[in-house]
1. Would you mind stating whether Ser277 is more than 17 Å from the chain's Cα centre (by Cα), of a type in the set (Ser, Thr, Tyr) and assigned by TED's automatic domain parsing to the domain that holds Tyr370?
2. Scan the stretch 326-358 for residues that are touching a Lys or Arg at 6+ places or on another chain (Cβ under 9 Å) and closer than 21 Å to Phe436 by Cβ and jot them down.
3. Is it true that some residue in the stretch 178-194 is within 22 Å of Leu89 (Cα to Cα), in the same structural domain as Ala91 (by TED's automatic domain parsing), touching a residue at least 40 places away in the same chain (Cβ under 8 Å) and assigned to a helix (DSSP H, G or I)?
4. With respect to Met256, determine if the residue is within 21 Å of the chain's Cα centre (by Cα), aliphatic (A, V, I, L, M) and at pLDDT below 90.
5. Hey, can you tell me all the residues within the stretch 210-240 that are part of a loop (DSSP other than H, G, I, E, B) and under 14 Å from Val24 (Cα atoms)?
6. Among the residues of the stretch 1-28, write down those that are touching a residue at least 60 places away in the same chain (Cβ under 8 Å) and β-branched (Val, Ile, Thr).
7. Report every pair of residues separated by at least 6 positions or lying on different chains whose Cβ atoms are under 6 Å apart, first residue within the stretch 298-324 and modelled with pLDDT of 90 or more, second buried (at least 18 other Cβ atoms within 10 Å of the Cβ) and in a loop (DSSP other than H, G, I, E, B).
8. In the stretch 342-375, how many residues are under 15 Å from the mean Cα position of the chain (by Cα) and of a type in the set (S, T, N, Q)?
Amino acid sequence: MDRSIRVRLSGMMFLHYLVMGAWVVPLAPYLMALPTDGGLLFTATQTSQIYSTLAIAGIVAPLFIGLLADRLFAAQRIMVVMNFIGCGLMATIAWWCASQQAELAELYHQKLQLAGINGDTLVSPAAGIASQLQRLHQDPELRARVDAIFRPLFGMLFAYAMINLTTTTLTNVVSLRNLERPREMFGKVRLVGTFGWVVSGLVVAMLLNPISNSPMLFACVLSIASGLYCLLLPHTPPAGKGTSIGEMLGLPALGMLRDRSFAVFLICACTLSMVQSFWVIYTNKFLTDIQAPKPTAVQTLAQWSEMLCMALMPLAFIRLGVKWMMVLGLLGWLLRNGLFATGSMPLSVVIGLPLHGLSYCFFYITAQLYIDRMAPLHLRASAQAIFVFVSSGVGTLVGNVIASSIVQANTVGSVVNWTNVWLVPFLASAVILTVFLAFFRGEVPVSDSGHPHPPQPSDGPNSATKSSPGIEVTLSRVARR
């Protein structure tokens, strides 16, 4: 019976992340591409604001999940409905983008002719052409047309993000409530989701046109399949108890900030999430600009390395411990941003992209294990909620604003100075790593009152596998990366 459930839950994860991977990665290049290439001419700021819908939804959606899944409806039934609603929303978004892009492309051609710019020179614009494009892209009529596309798209994508992140969290809820040994088996089930993300990236790159609404239509079809599949999931009735808004935001665990290491850890996690915004939003655009072959397919190297690092984590955790695992993760961020700053396509692809596994898994996943061991039993869920709020919420939102400002300031026409852009997260990563090394002293078990106390003889490597009421919050951050 347990094997049958694991197989069904693995299929759920595969389909869910197949849907997400279909549109999240190619969205930024599509939004920022020139209308002559099929894009929507969004600025870096507008693109960042579109991606911020995911961060805002990540803060707001849990407030509704507690009411729906804990008190009112079976989780798998909510997922069926959410997938079908998501399909309808994404189909509307795809239609809106395609219809508006056609009108925008016509207007853009007219502006090019009036400016005396040959469309053939846009493939690799020289400095003079880039300056002309910069002025052209500030044309009031053109900007007004782009803004008219942006505003409804922002609203529709925010609605879709609410649906999508609700479903993301419910995949964790259904898995954790139905697995016999959730701490042992969840990682293996969730790993299948990462493989689904890889498959969708390969399909989009090899069979579809990423600079179009085709990935969105692909996501629509997959959403229908995912919704129908959810009918086969184990019945997961409401837990019969709800969670207050204060608990969802982690307010009961604020007393843990009196511990210097925990406070330093949260500050570093928040600022690292700002650095991560550069990666999430602009990596695919960067790979496109440095002429990496099949950028969406190439970017799946990051997920392959993530799967490898997740498999190596148990051994590394025993040998290195919490602090040095997270130090290696931070070092991965530093090295990758530095390699991207060189602008070298071979270095960025062959070494930079695979560093994602080290940087993400060794910091973020280890961080959640650290919280689970650091917090007393009654505060674990609240402590995890604080972590999600400052990293996926505040850190991501602020990071999106900073990243878009940096990219916008280093863009002339359609040409981005990526060396200047990636130097910012490189220097930020160096500061975060230095602060973490200097002030974080490692794991310190705490008493039930929330104060640190010396390690007890029973605390060892296996203590991370003890049951925790915060496990669903712990692993939902992994799923929303």
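1. When the stated conditions are applied, Ser277 does not pass them.
2. Leu355, His356, Leu358
3. no
4. no
5. Matches in the stretch 210-240: Pro210, Ile211, Ser212, Asn213.
6. Ile5, Val19, Val25
7. Matching pairs, first to second residue: Val298/Ala292; Leu301/Leu353; Leu301/Pro354; Ala302/Leu353; Ser305/Pro354.
8. 1
The values are calculated or read from the model by the stated rules, or taken from the named source; none is laboratory data. Keep in mind the model is a prediction, meaning the values are calculated, not measured. Cβ: placed from backbone, ideal geometry, glycine included. Neighbour counts: every protein chain shown.
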